[in-house]
Each structure stands twice: as structure tokens, then as C-alpha cells.
Amino acid sequence: MARWSDPVGRYTVCAAVSGVLLAAGVVTAAGPWDSSGQRTAERAHAVALGGEHLPPGSAGAGNSGPAGTGSDTGREPGTAPAAVAVLAGLGTASDGTGADRAGSAAGAPTRAGLERVLGPLLDDPALGSRRSVAVVDVATGRTLFERGAGTALLPASTTKIATGVAALSAMGPDHRFTTRTVLQPDGEDEGRGKAGAGDKAVEELVLVGGGDPTLTAREKPGRWASMRELASLTAAALKRQGVEEVALRYDTSLFKGPEVHPIGINRNISPVTALMVDEGRADDSDHGPAPRVADPAAHAAGVFAGLLEKKGIRVGAPAPGRAAKKADPVAQVRSAPLAAQVERMMTNSDNDIAEALARQTAAADGREASFAGGGTAIRAELKRLGVPLEGVRFADGSGLGRGDRLSARALTRLLTAAADPRRPELRPVLTGMPVAGFSGTLSARAADGRAAGTVRAKTGTLTGVNTLAGTAVDAQGRLLAFAFLAEGTPAKYPAEDALDRLAATVAACGCRG
């Protein structure tokens, strides 16, 4: 398959970043499109202008989850800030002349200036015992500040930055995952033999999982692939062939290895399988921690069987199986583009999407689509992109486990690569990031001061680990990439506040002296 990445030796980003990413304004890069075709950050901005409170479950409202379980949320959102910078054009100089300085080093913060303002903040005991910190000028690729930047620490959910970049690099932003149904030839099932052997033989229909983590059975699926549509298409195709009864099998063979994440059964993630519907959630939520069904594939097959019954197709109890290579196609639905899946993963810190994308990256690279294979594939993609990998490793794609390691230097290199106008396929990693004080896992954080609307970042939370990595537009109108990783943090919220202060300081500081 055609690859989306070529090795490059450096990531100096030319002045075109200003035109591609900044001058177009944050409207262009303000977060994922929602089902109405409007950026979620734009909707939050409209609410902010009216000083309204964001309703629970709205695009800008936060989730709630238990601290220390891998959930990046837990605070109630307050009144949305009126941060005009969310939608303002940011590619101009702060002096109001309109002179575009983003492509030169002339307006960039200095090491001494950043040391003066960030140094004291990094001494905050809330940041624990180990830190890895870096700030980079996106327009030039020049490192502006480092503190232990090459030390690989636990990244928590900032791992998803690497997962998103790797997936987009391997498959491209327009790639889609296909969930399909097929009829076995002569009732043959590679794993079971004749359907209905010993009883009345019936046609054997196989529901083949394509590893789409956003497949939904909701009545209003939005832009996501619909199980209801697949059932309708399948029933119609069967009736055209005179088939009114089937034995239903479900095929999850695309993904390999253990399904349960190494952390065990957890409300933050379902067992990872190539077939699931609504992320195996046992409630009506669509993001955040939730009770999960024990067997997402069996659950999805059961939902599908019920939908077929409603369309007039008699269905026996679903059972595992495997589609024959020569099975006859019946119907299929395709996922939203990979770009949209990456954006959703970044905004909501979606662990189910992250683990599916890690496996899909492994499959695209010709590796086993398992936890181990996904981690190996992510690292291989990053190596091709020239990301510094000393001490870096991936045990999963979500960052839920404690086997991952990333450095601030590697994270800022990933962010700079995603902003490079020569690599537009990586852009969804940035456009999906939550906007401080407005959307996703940052909707209830950094709502006051300079950070609101000008910082967009991926959060990370584990017990004793707090991280934040993303971009900020500083007082000179320059786009800066930053990564702050802290280990041994004594408490969640004080650590988050300390990280938010660091990000806000980067945004507020011209720091040229």
C-alpha cells in the first residue's frame, strides 16, 4: 500500500505555517466537526459570547470520571470564557500592524526569557519528583526551552498524540474501516463447518468486524457508520435472493491477541475487538468512563440480529465464526474518515478509538494487530518520521497502562510534524485537540487568563502522573509547541493546576528578554 510518510531529517517548519495554520484562524483548526457540520470550538465560542453556561453533554461540556483511573476529566465545567482568540486570526503581529512574523526567528521567545518565567513554576512541588519539559517554536522548529526534555517518562493519555500521528502516517486521513456481511459458500464456515449440520440447513450469514471503533446502533448516527443501516442493507439484499432465515456468525479475526487491556476490566475502556457497537457501552453515553459489556463482539452481533429480525429476517442465536475467503458479499458500511476518528479520539481522550487505531496501524504495517503489535508499529512509524526515540516505548495505544514511555522532546517533535504544511495528513492530531476552557477534556480547565482559547492540548492522567502537551499562541502571535510531563505527583488537581499555569505562561509571554 502507498505509505503516507517518508523519512526526513529535520522538522524546521517554513513560514507557510502562518498561512496554512495560523492566518486562516483557529476556525480552521479549532477542533473536530460535529454532526451539524460546525466546529465544536466554534459552538462553544458562540455560547461564550452570550455568557451562557454550557449544558451537560454539549460539545464544550466536560466529562466526569474517577481520579487516578486514566480519566482526564472530573471537574464540572463553569461558565464558558469569552475568549475571542478561539476564532480570531492569529498569524499577525501583536502590534496591530498586520506584519506576519511567524516564519522568522525575529519575534520568537528567547531561552532566557522562558527560563525566567517557567523556571520558578517548575519548582512547584505539585509537579512531583520527575519532570520532562520542552517548548518549541513551530514556525522554525527551534527549541526554545528544555528541562529534562530527553528523559522518557510515563506519558498517560498524551500517548494518543503518538498513536494519532502513527495511524495517519500509515493509513492517510481519508482511510475508512469497513464492517460487512457475507454469505458463506454452501454454508461453509472456516471455523465451524456446515451451518445447521444435523438440523435443517439454513444460509449462514457472517458479520465481519472491520475494526471500526465508532460503529453505532444509535437512531441518529451522525457521521459515524450505522449498524442500523448495515442491517437494512443486509435484509434487503437477502430478500432479493429469497433468503428469509439465516444462521448468524460474527468474525473478529482482524484483531489478534488478548482483548482485555493489561490494566484489567475498567470503565475507561472496553475489551478491544474488531467488532463492537457504541464502544461496548452498557449505557447511553458516547464518551468518558462508562459501564461496559463483557463481550463487545457478542453484544454487537446480538444487536445486529435484533435489527435483522425487525427487517423480517429470521435469525438464530449468533455464534463466533470466520468468513470463508470465497464468501459472497452481501452489504457493507464504511466508517467516517480516519481524520475524523483521530479528532474524536483527541478531543474526548477516547481510549477505545486509540486502541483500535493502534491495531489498525499494526495491520497497515503488516504486523500482528495486537497490543504488542500496535506498540511496535507506532514506534516504527515514529522512527520513519525522525522522532527522537531514546527511552521511548509503547505498550498500548491509549496510555492507560504504565508500560509506555515518552519524552517531552519526542512529543514536541510530533506536534511540530503535525503542524508542518508539508505533512497535511497529520493535521487532525492538532485540530482534534481540546481548546482550553472550551472543549473536550480541557473544557473545565484553564478557563481563566491567557490560556483560554489560545491553548489547545492533550491531557494525561494516571495515579501519580499528570501530563499536558499541545500548542499555544503567544503574545507575539507565534505558534509554540509544548510538552510538560510530571511523575510522582502527590495529587491530581494541584498537578493539573500547575500544568495549566505553565501552558498559560507560555501563551501570555512574549519572553524576548
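The values are calculated or read from the model by the stated rules, or taken from the named source; none is laboratory data. Everything quoted here is computed from the prediction, not taken from an experiment. In this analysis, Cβ positions are derived from the backbone assuming ideal geometry, glycine residues included, and neighbour counts consider all displayed protein chains. With ligands, DNA and RNA removed, areas are computed over all heavy atoms of the protein, side chains included. Shrake-Rupley method; radii C 1.70, N 1.55, O 1.52, S 1.80 Å.
Condition check: within 27 Å of P337 (Cβ to Cβ), under 18 Å from the mean Cα position of the chain (by Cα) and not in a loop (DSSP other than H, G, I, E, B). Does E229 satisfy that? Here the answer is no, as E229 does not meet what is asked. Just one of the numbered conditions (1) surrounded by fewer than 20 Cβ atoms within 10 Å (Cβ to Cβ); (2) more than 22 Å from G148 (Cα to Cα); (3) out of contact with any Gly (no Cβ under 9 Å at 6 or more places or on another chain) is not true of L389: (2). Residue count for the stretch 220-261 satisfying the condition of being closer than 21 Å to S157 by Cβ and either hydrophobic (A, V, I, L, M, F, W, C) or modelled with pLDDT under 95 (or both): 1.
Right, A290: within 30 Å of E204 (Cα to Cα) and open to solvent by less than 10 Å² (accessible area, probe 1.4 Å) or not? Judged against the criteria, A290 is not a match.
Residues in the stretch 383-422 that are among the hydrophobic types (A, V, I, L, M, F, W, C), within 10 Å of A152 (Cα to Cα) and in a loop (DSSP other than H, G, I, E, B): L389, V392.
Scanning the stretch 200-256 for residues that are surrounded by 23 or more Cβ atoms within 10 Å (Cβ to Cβ) and of a type in the set (S, T, Y) yields T214, T234, Y250, T252. Of the residues examined, D295 is not one that is in contact with a strand residue (DSSP E or B) (Cβ under 7 Å, 6 or more places away or on another chain) and either buried (at least 23 other Cβ atoms within 10 Å of the Cβ) or not small (G, A, S) (or both). Answer yes or no: is there a residue in the stretch 294-307 that is farther than 27 Å from L183 by Cα and modelled with pLDDT of 95 or more. Taking every residue of the stretch 294-307 in turn, at least one turns out to be farther than 27 Å from L183 by Cα and modelled with pLDDT of 95 or more. Out of A410, A377, A362, A354, which single residue is crowded, with 21+ Cβ neighbours inside 10 Å, free of Cβ contacts under 8 Å to residues at least 40 places away in the same chain and either touching a Cys at 6+ places or on another chain (Cβ under 8 Å) or aliphatic (A, V, I, L, M) (or both)? Step by step, each of A410, A377, A362, A354 is checked, and only A362 is crowded, with 21+ Cβ neighbours inside 10 Å, free of Cβ contacts under 8 Å to residues at least 40 places away in the same chain and either touching a Cys at 6+ places or on another chain (Cβ under 8 Å) or aliphatic (A, V, I, L, M) (or both).
Here S285 meets the list (1) surrounded by fewer than 22 Cβ atoms within 10 Å (Cβ to Cβ); (2) in contact (Cβ under 8 Å) with a residue 12 or more places away in the chain almost entirely, failing just condition (2). In the set A323, A354, A336, only one residue is aliphatic (A, V, I, L, M), in contact with a Phe, Trp or Tyr (Cβ under 7 Å, 6 or more places away or on another chain) and modelled with pLDDT of 95 or more; that residue is A336. Pairs meeting the criteria (first residue in the stretch 308-321 and farther than 12 Å from V202 by Cβ, second residue of a type in the set (D, E) and at pLDDT 95 or above, beta carbons under 7 Å, at least 6 apart or on different chains) are G321/D251. Scanning the stretch 115-139 for residues that are under 16 Å from L499 (Cβ atoms), open to solvent by less than 10 Å² (accessible area, probe 1.4 Å) and among the hydrophobic types (A, V, I, L, M, F, W, C) yields L118, L122, L127, V133, A134, V135.
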